[in-house]
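J.: Below you'll find the structure I mean.
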Amino acid sequence: MKVKMKGLFPDPAEYPKNRLFCLDLLRGIDMFYLSVVSVVFPPVFKVIGVAGSVSAFFFEHPWGGFSLYDLIMPLFIFMAGSAIPLSLGRRLENGRATWRYWSHVLSRVVMLWILGMFVQGSLEKFDLHHLSPYNNTLQTIAFGYLVAAAVMLLKNTYIKLAVPVALTLVYGLIVHFCGDYTKDGNITMIVELKILNAILPLDNTQTANVVKYGYTWFLPSIIFPVMTLAGSFSTEILMSKLSECRKSVALVLLGLSSLCAGWVLVLAGVPSIKQFYTVSFTLQAIGWCVLLLAILYVLTDILRYRRYTGLLLLFGQYALSAYVCLTICRGPFVMLWKRFAIGLYDLFPVSYGAILSAVGYSLLTIAVLVARRLLKSR
């Protein structure tokens, strides 16, 4: 359903009553943090002398542990799953999937996969020495979306719930017993390198980055859909016939149980590592995602507190456009800003240059999203 236009940003007061406000808002918070906060504040922290450990918690992915910045990608995957019952439910015909259903699913998967290869896989170079077929959040969303679309068609609720449990157990057992939790010794790295070396030249630069940074994608694909399904199941709870209070309680219990399970696994010797989505990390991420959704549901959909959320809603409604601005257009945006604001740079110390560039990029990104919204409304 199209939201009514009023001003440059979405107007919370104009939201239809049957639309879950919390979904757009949480997606917007996640994308705003990634696109603006994590761009502007690192140079600010550097100028004002904030401790490196504090900055790392907000803007870096440590090897082991769980930082606030670690939550961005899981929340992105979770929110993609949360939209599935709404976007795909209306494409079912008498509860059955037709070509209309699968054509939509497959077209989205292909689009996200190719865009992911452009964003971080160097597809535009058409060079196997630089190409990566799989190394981006958009591709994890695509794979999780495909699995969740299939799970949605299952009639038995218990079987639907058993799917993410089974995926979690299988992945956890493979990772725990077939390697260790070091960057070079974990089984996901071994599988990643075997696949990449089999399909790409041995001097491929993307393979070298896998070894350097420790991020793996192929084997963790077993558990990526668990994040997507968690988002899908959360929305199904919000769409159920339960009272608002019971919906909130159900989400809180789900979030707390997942979070506690993750903590227990950490105590049992399964470290929380974002780079290859250990089970303890995934369960903690799901827990925080569900709890954040529950909090926003109570505040915005039950208590109806929605003031001053227009900018966040803009990022929530056009999250993919914001992501493209960050990953593809950030460099050109900064160059454009420097070209037209060159005099502004002369008014501040050199150390403030990075801050000014980040602010300029953020303003141009917001302008693009506003333009995107205005064009869609025509």
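The values are calculated or read from the model by the stated rules, or taken from the named source; none is laboratory data. What you are looking at is a predicted structure, and each value in this text was computed from that prediction instead of being measured. Cβ placement follows ideal geometry from the backbone for every residue including glycine, while neighbour counts extend to all protein chains displayed. Surface accessibility is based on the protein's heavy atoms, side chains included, excluding ligands, DNA and RNA. Shrake-Rupley method; radii C 1.70, N 1.55, O 1.52, S 1.80 Å.
J.: Can you tell me which residues in segment 326-357 are touching a Gly at 6+ places or on another chain (Cβ under 9 Å), surrounded by 12 or more Cβ atoms within 10 Å (Cβ to Cβ) and assigned to a helix (DSSP H, G or I)?
T.: Restricting attention to segment 326-357, the residues satisfying the condition of being touching a Gly at 6+ places or on another chain (Cβ under 9 Å) are 333-334, 336-338, 340-341, 344-345.
Next, from what is left, pick out any that are surrounded by 12 or more Cβ atoms within 10 Å (Cβ to Cβ): 333-334, 336-338, 341, 344-345.
Once the filter is applied, which keeps residues that are touching a Gly at 6+ places or on another chain (Cβ under 9 Å), surrounded by 12 or more Cβ atoms within 10 Å (Cβ to Cβ) and assigned to a helix (DSSP H, G or I), segment 326-357 yields PHE333, VAL334, LEU336, TRP337, LYS338, LEU344, TYR345.
J.: Next up: Within segment 85-105, is even one residue surrounded by 13 or more Cβ atoms within 10 Å (Cβ to Cβ), closer than 18 Å to LEU251 by Cα and in contact with a Lys or Arg (Cβ under 6 Å, 6 or more places away or on another chain)?
T.: There is no residue in segment 85-105 that is surrounded by 13 or more Cβ atoms within 10 Å (Cβ to Cβ), closer than 18 Å to LEU251 by Cα and in contact with a Lys or Arg (Cβ under 6 Å, 6 or more places away or on another chain).
So that you can scan it fast, the table gives a plain yes or no per residue for (1) in contact with a strand residue (DSSP E or B) (Cβ under 9 Å, 6 or more places away or on another chain); (2) of a type in the set (Phe, Trp, Tyr); (3) modelled with pLDDT of 95 or more:
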residue	(1), (2), (3)
THR282	no, no, yes
GLY287	no, no, yes
VAL290	no, no, yes
LEU293	no, no, yes
PHE315	no, yes, yes
ILE328	no, no, no
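J.: I need a count of the residues in segment 55-87 that are in a helix (DSSP H, G or I), in contact (Cβ under 8 Å) with a residue 60 or more places away in the chain and in contact with a Ser or Thr (Cβ under 9 Å, 6 or more places away or on another chain).
T.: Within segment 55-87, the first condition is being in a helix (DSSP H, G or I), and the residues that meet it are 55-59, 69-82, 84-87.
With in contact (Cβ under 8 Å) with a residue 60 or more places away in the chain added as a condition, the list becomes 70-71, 73-82, 84-86.
Add one more test, that the residue is in contact with a Ser or Thr (Cβ under 9 Å, 6 or more places away or on another chain), and what stays is 70, 73-74, 76-78, 80-82, 84-86.
Of the residues in that region, 12 qualify.
J.: What are the residues in segment 358-378 that are small (Gly, Ala, Ser) and either surrounded by fewer than 14 Cβ atoms within 10 Å (Cβ to Cβ) or touching a residue at least 60 places away in the same chain (Cβ under 8 Å) (or both), if any? Full working, then the answer.
T.: Narrowing segment 358-378 to residues small (Gly, Ala, Ser): 358, 360, 362, 367, 371, 377.
ALA358, SER362, ALA367, ALA371, SER377, listed by residue number.
J.: Another question, if that's okay. Just checking, which of LEU296, LEU254, LEU336 is over 24 Å from ASP70 (Cβ atoms) and of a type outside the set (Ser, Thr, Tyr)? Don't jump to the end; show me each part of the working.
T.: Values: LEU296 fails: over 24 Å from ASP70 (Cβ atoms); LEU254 fails: over 24 Å from ASP70 (Cβ atoms).
Exactly one residue qualifies, and that residue is LEU336.
J.: From the list VAL170, VAL175, which residue is in contact with a Phe, Trp or Tyr (Cβ under 8 Å, 6 or more places away or on another chain) and either closer than 16 Å to THR282 by Cβ or without any contact (Cβ under 8 Å) to a residue 24 or more places away in the chain (or both)?
T.: VAL175
J.: For segment 233-246, give me each residue that is loosely packed, with under 14 Cβ neighbours inside 10 Å and of a type outside the set (A, V, I, L, M).
T.: SER240, LYS241, SER243, GLU244, CYS245, ARG246
J.: Taking ALA162 as the residue in question, decide whether it is farther than 10 Å from LEU229 by Cβ, open to solvent by less than 60 Å² (accessible area, probe 1.4 Å), out of contact with any Phe, Trp or Tyr (no Cβ under 6 Å at 6 or more places or on another chain) and among the small types (Gly, Ala, Ser). Full working, then the answer.
T.: Numbers: farther than 10 Å from LEU229 by Cβ: yes; open to solvent by less than 60 Å² (accessible area, probe 1.4 Å): yes; out of contact with any Phe, Trp or Tyr (no Cβ under 6 Å at 6 or more places or on another chain): yes; among the small types (Gly, Ala, Ser): yes.
Yes; evaluated as a whole, the condition is true for this residue.
J.: If you take the residues in segment 276-304 that are of a type in the set (S, T, N, Q) and open to solvent by less than 10 Å² (accessible area, probe 1.4 Å), which one is farthest from THR188 (Cα to Cα)?
T.: We begin by selecting, within segment 276-304, every residue of a type in the set (S, T, N, Q); these are 278, 280, 282, 284, 300.
Then drop every residue that is not open to solvent by less than 10 Å² (accessible area, probe 1.4 Å), which leaves 278, 280, 282, 300.
Details: THR278: 10, SER280: 15, THR282: 15, THR300: 40 Å.
Here the answer is THR300.
J.: Which condition does VAL249 not pass, out of (1) open to solvent by 50 Å² or more (accessible area, probe 1.4 Å); (2) over 20 Å from PHE9 (Cα atoms); (3) at pLDDT below 95, if it passes all the others?
T.: Unmet for VAL249, out of (1) open to solvent by 50 Å² or more (accessible area, probe 1.4 Å); (2) over 20 Å from PHE9 (Cα atoms); (3) at pLDDT below 95: (3).
J.: Looking for whichever is more than 23 Å from PHE78 (Cβ to Cβ) and either in contact (Cβ under 8 Å) with a residue 60 or more places away in the chain or charged (D, E, K, R) (or both) here; the options are LEU123, LEU138, LEU128. Which one fits? Spell out the reasoning first.
T.: Details: LEU123 fails: either in contact (Cβ under 8 Å) with a residue 60 or more places away in the chain or charged (D, E, K, R) (or both); LEU138 fails: more than 23 Å from PHE78 (Cβ to Cβ).
It is LEU128.
To keep it simple, each residue is scored yes or no on (1) modelled with pLDDT under 95; (2) crowded, with 17+ Cβ neighbours inside 10 Å.
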residue	(1), (2)
LYS183	yes, yes
ILE187	no, yes
THR205	yes, no
TYR213	yes, no
PHE224	no, yes
MET227	no, yes
GLY231	no, yes
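J.: Quick one: ALA150 ticks every box in (1) over 25 Å from the mean Cα position of the chain (by Cα); (2) surrounded by 13 or more Cβ atoms within 10 Å (Cβ to Cβ); (3) among the small types (Gly, Ala, Ser) bar one, so which box is it?
T.: (1) is the only condition that ALA150 fails.
J.: What residue, of PHE76, PHE57, is of a type in the set (A, V, I, L, M, F, W, C) and open to solvent by 50 Å² or more (accessible area, probe 1.4 Å)?
T.: Working: PHE76 fails: open to solvent by 50 Å² or more (accessible area, probe 1.4 Å).
Among PHE76, PHE57, only PHE57 is of a type in the set (A, V, I, L, M, F, W, C) and open to solvent by 50 Å² or more (accessible area, probe 1.4 Å).
J.: Here's a follow-up. Looking at segment 113-143, which of its residues are open to solvent by 40 Å² or more (accessible area, probe 1.4 Å) and modelled with pLDDT of 95 or more?
T.: Once the filter is applied, which keeps residues that are open to solvent by 40 Å² or more (accessible area, probe 1.4 Å) and modelled with pLDDT of 95 or more, segment 113-143 yields TRP113, ILE114, PHE143.
J.: Checking ARG307 against (1) open to solvent by 10 Å² or more (accessible area, probe 1.4 Å); (2) assigned to a helix (DSSP H, G or I); (3) in contact (Cβ under 8 Å) with a residue 12 or more places away in the chain, only one condition comes out false. Which one?
T.: Of the numbered conditions (1) open to solvent by 10 Å² or more (accessible area, probe 1.4 Å); (2) assigned to a helix (DSSP H, G or I); (3) in contact (Cβ under 8 Å) with a residue 12 or more places away in the chain, the odd one out for ARG307 is (2).
J.: Taking ALA13 as the residue in question, decide whether it is assigned to a helix (DSSP H, G or I), surrounded by fewer than 21 Cβ atoms within 10 Å (Cβ to Cβ) and of a type in the set (Gly, Ala, Ser). Can you show your working first?
T.: On the way: assigned to a helix (DSSP H, G or I): yes; surrounded by fewer than 21 Cβ atoms within 10 Å (Cβ to Cβ): yes; of a type in the set (Gly, Ala, Ser): yes.
Yes, satisfied.
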